[in-house]
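Working notes for the structure below.
Just so it is clear, none of the values below were taken in a lab; they were calculated from the coordinates. Note that the coordinates shown come from a computational prediction; the quantities given were computed from them, not determined experimentally. Neighbour counts are summed over all protein chains in view; Cβ atoms, including those assigned to glycine, are modelled from backbone coordinates with ideal geometry.
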Amino acid sequence: MDAKSLLQFMEQVGRMKVMPRTGWLLRGVKHPETVAEHSYRMTLLAMVLSDMLNEQGLVINVERVMRMALLHDIAESQTGDIPQPAMRHFPDEVKENVERGIMTELTQDFGHLGNLYVDLWEEYERSETLEAQIVKTADKLELLIQAFEYEKLGFQSLDDFWENLLSYPLFQDYPLVQQVLILLAERRLRLPFRHQ
């Protein structure tokens, strides 16, 4: 890896700072969060969840969690955030193959580090390790936190996010996450538009 490769990589992934999360746009949220904003808070959430779970006796490699979290949406710097309604028209392997190709292309000049980053991204995609499952859980939980924040601002077309994610299987594995979901649900019931 050299300075030119590093700068080129940063320029490419820097696009995430201005790319809106498309699912929010489709539901009428004006000026939604960007992919980078989601990735930042999701990474922070993954770190804190990992630390708290470590304190509860699980053995989690927090550095690995954070690396996966930082890498998990990098391909969106090239594809944008493809919303769920559009994803229904693509087989899962198409999205995964496209994203793997982008990850490989973005990190091709990084030598063994590029291989490490692609391997971490693939570990996240397979979701077979505890670390990958925590990152997936943080990704979905952050989405619900953001949905709640938009609902607090008055956006009322977000029920499908809740319906699709409350049954997310990995949520059941972590009592701490269950407690957060209960708090969100209670607060959501108190929103003014829920009483109209």
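In sequence order, what are the phi-derived ³J(HN,Hα) couplings for region 5-20 according to the Karplus relation 6.51 cos²θ - 1.76 cosθ + 1.60 with θ = phi - 60°, rounded to whole Hz, with x for glycine and proline?
With the stated coefficients, region 5-20 comes to 5, 5, 5, 4, 4, 5, 5, 5, 6, x, 4, 5, 6, 10, 8, x Hz.
Which ³J(HN,Hα) values, rounded to whole Hz and listed in residue order, are derived for region 149-166 from phi using the Karplus coefficients 6.51, -1.76 and 1.60 in 6.51 cos²θ - 1.76 cosθ + 1.60 with θ = phi - 60°, glycine and proline given as x?
These are the phi-based 3J(HN,Hα) values: 5, 5, 5, 4, 7, x, 6, 10, 9, 10, 4, 5, 4, 5, 5, 6, 9, 4 Hz.
Take the Cα gyration tensor of region 80-123, multiply each eigenvalue by 5, square-root it, and list the three semi-axes largest first, rounded to whole angstrom. Please list the in-between numbers first.
On the way: eigenvalues 120, 18, 12 Å².
Over the Cα atoms of region 80-123, the semi-axes work out to 25, 9, 8 Å.
Once amide H atoms are built 1.01 Å from N in the peptide plane, which residues 5 or more positions from Ser157, or in another chain, come under 5 Å H to H?
For Ser157, no residues qualify.
How high is the FRET efficiency between Met1 and Gln84 when r is their beta carbon distance and R₀ equals 41 Å, given to the nearest 0.05?
Details: r = 35 Å, r/R0 = 0.86.
E between Met1 and Gln84, to the nearest 0.05, is 0.70.
Which residue fluctuates most in the GNM of the chain (Cα springs below 10 Å): Gly111, Gly101, Gly28?
Largest GNM mean-square fluctuation: Gly111.
Please give, to one decimal in nm, the separation of the simple spin-label points placed at Met10 and Arg100, each 7 Å out from Cα toward the Cβ.
3.1 nm
Report the FRET efficiency, 1/(1 + (r/R0)^6), for Asn54 and Asp109, where r is their Cβ-Cβ distance and R0 is 35 Å, rounded to 0.05.
Values: r = 35 Å, r/R0 = 0.99.
Once the sixth-power term is evaluated, E becomes 0.50.
Tilt of helix 175-189 relative to the longest C-alpha principal axis of the chain, in degrees (0 to 90, nearest 10)?
50 degrees
When the Karplus curve 6.51 cos²θ - 1.76 cosθ + 1.60 is applied with θ = phi - 60°, which whole-Hz ³J(HN,Hα) does each residue of region 31-41 get, with x for Gly and Pro?
6, x, 4, 8, 4, 5, 5, 4, 4, 4, 5
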